[in-house]
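Below: the structure, in structure tokens.
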Amino acid sequence: MRGQGASAEVLLVSAKKDPRQWIFPKGHVEPGESAAEAALRELREEGGVAGRIIRPIGVSTYASGRETVKVSYFLVRYSRAVLTTETRKRRWRTFSKARELVAFDDARALVDKAERLLRKRA
């Protein structure tokens, strides 16, 4: 996320399988990497953004083919833009707009939780 108060924004990226869907950057944890390190790497690769983790924000579990996937999400404060080779579309949106755009219910719940946490910090 970037900004503060009512102008705070969330970064969304287009999904790889269906580019019409908007999701949060995410991906697999590489060998020797923590979930937090993977989150920051995926944010750089998919979102073209470097940042610092504020705190863990939630876990989402879903089916991908025959596999059950567990994704750990982190609230990350934007530091700077970085070069990326990914061709995904990227959008910064307010919390209310992000809630409307994200493709899945668990993502909407993460948007709500992030917004609540940031209000408490203010």
Nearby lysines by direct alpha-carbon distance to Lys16 (threshold 29 angstrom, same-chain neighbours under 8 apart not counted):
Lys26, Lys70, Lys89, Lys97, Lys113
Give, rounded to the nearest 20 debye, the magnitude of the charge dipole that the chain has about its Cα centre when Lys and Arg contribute +1 at Cβ and Asp and Glu contribute -1 at Cβ.
500
Tell me, Thr61, Thr84 in order of fewest to most beta-carbon neighbours within 10 Å?
Thr61, Thr84
CD proxy at 222 nm, helix term only [per DSSP H run n ≥ 4: -39500 (n - 2.57); per residue of the chain; nearest 500]
-9500 deg cm²/dmol
In the chain, taking the dipole from +1 charges on Lys and Arg beta carbons and -1 charges on Asp and Glu beta carbons about the Cα centre, the listed residue (Gly27, Val69, Val10) farthest towards the positive end is Val10
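Quick check on the exposure proxy: order Val102, Val59 from fewest to most C-beta atoms within 10 angstrom. Please list the in-between numbers first.
Details: Val102 21, Val59 12.
Least to most surrounded, the residues fall as Val59, Val102.
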How compact and how long is the chain, expressed as Rg and Dmax of its alpha-carbon atoms in Å?
13.7, 43
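Values in this text are rule-based calculations from the coordinates and carry no lab data. All figures in this text were calculated on a predicted structure; none of them were measured in a lab. Neighbour counts are summed over all protein chains in view; Cβ atoms, including those assigned to glycine, are modelled from backbone coordinates with ideal geometry.
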